[in-house]
Amino acid sequence: MRPLDVAAAVAVIAIWGTNFIIAKIGFAQFPPLLMTSLRFSVAALVLAPFLKPLGRPMSQIVIVSLTMGTIHFGLMFTGLSGIEAGTAALTAQLYVPFSVILACVVFGERMNVSQVGGMVLAFAGVAILGGAGGGETSLVHLFMVVGGAFMFALGNIQVKRLGPVNPFVLNAWVTLLAAPQLFVVSLILEDGHWATLVAADWRGWGAVLFLGLVATVVGLALWYRLLGRYPVNRVVPLSLLGPVLAVFVAAAVLDEPLGLRTIGGGLITIVGVAIVQVRGTLSTAGKAQVS
């Protein structure tokens, strides 16, 4: 990689590795759904210049905004509010095996033996992270994060069915549509909105700005830059370093416990996801070379 691209890769890992920790800090002042709505509002303002016709039915874009925006982030952030940031960051990686499973169902793609084994490892790792029912982690919140990962995988399938689209234009529409959706859900399920907005200090608003500007806009822009310049099987595995960094940053900043269960379960999850991800991209590359 070129020096600037190496810097971009390091920046993406740092941004996505601290994303869950910053969200946790924000939860001290904002309820999760309200903060997510504010996050998308900030991102929508920045991405407003990209609001152009996608050449696809608006109904399809609305569905994507519901799946990848409202439901995915609603479940993910609500789940995150009740479990450790490191555990949530690792569990969120289940979107990879979920994406492969859905691709098999929807597009008729096939899994190889290595990918099946990787999925078993990934889900076993999450079971360890959850204490396998031992009560150490809120299983309700953990399952919300798992559900959020599934909805993100489903959103990936929906985006693939849209065909080639400008990712920034799509993100502009998704953030614009998801922000009011999340606000309505927040009004129904959360309370004290005005008092919360007035009482929030620089830490709460700083978390909103980081999530809206840095994690949503800058992180994705750098990620698309890398995907546009290098083979997928060289770039995608870099995303696995983000949750690993999140575990250690959460331990240092949030004083989250870094016990054997977290280390062991996290390692098993990451190895399983890596097998699914890397073997899948190598298999795709091999088919392309043969054809």
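What follows draws every value from the coordinates through simple rules; no lab data is involved. Bear in mind the structure is a predicted one, so any value in this text is a computation, not a measurement. Glycine also receives a Cβ, built like all others from the backbone with ideal geometry; neighbour counts cover every protein chain displayed.
Filter the chain for me: DSSP H helices, axial length by Cα at least 20 angstrom, mean Kyte-Doolittle hydropathy not below -0.5. List them by residue number.
3-27, 32-47, 113-129, 139-162, 167-189, 260-290
Indicate the gyration tensor shape class of region 21-123 (rounded, prolate or oblate), computed on the Cα atoms with a ≥ b ≥ c the square roots of the eigenvalues: a/c under 1.5 is rounded; otherwise a/b larger than b/c is prolate and the rest oblate.
It comes out oblate by the Cα gyration axes.
For the chain, what is the calculated [θ] at 222 nm in deg cm²/dmol (nearest 500), taking -39500 (n - 2.57) for each run of four or more DSSP H residues and dividing by its residue count?
-24000 deg cm²/dmol
Once you keep just the Cα pairs under 8 angstrom separated by 6 or more residues, what percentage relative contact order results for the chain?
About 42 percent, as a whole number.
Place a +1 charge on the Cβ of each Lys and Arg in the chain and a -1 charge on the Cβ of each Asp and Glu, then give the dipole magnitude about the Cα centre in debye, rounded to the nearest 20.
Magnitude of the dipole: close to 1080 debye.
Could you sort 98-104, 56-62, 210-216, 87-93 so that the peptide with the highest average Cβ count within 10 Å comes first and the rest follow in order?
Highest mean packing first, the order is 87-93, 210-216, 98-104, 56-62.
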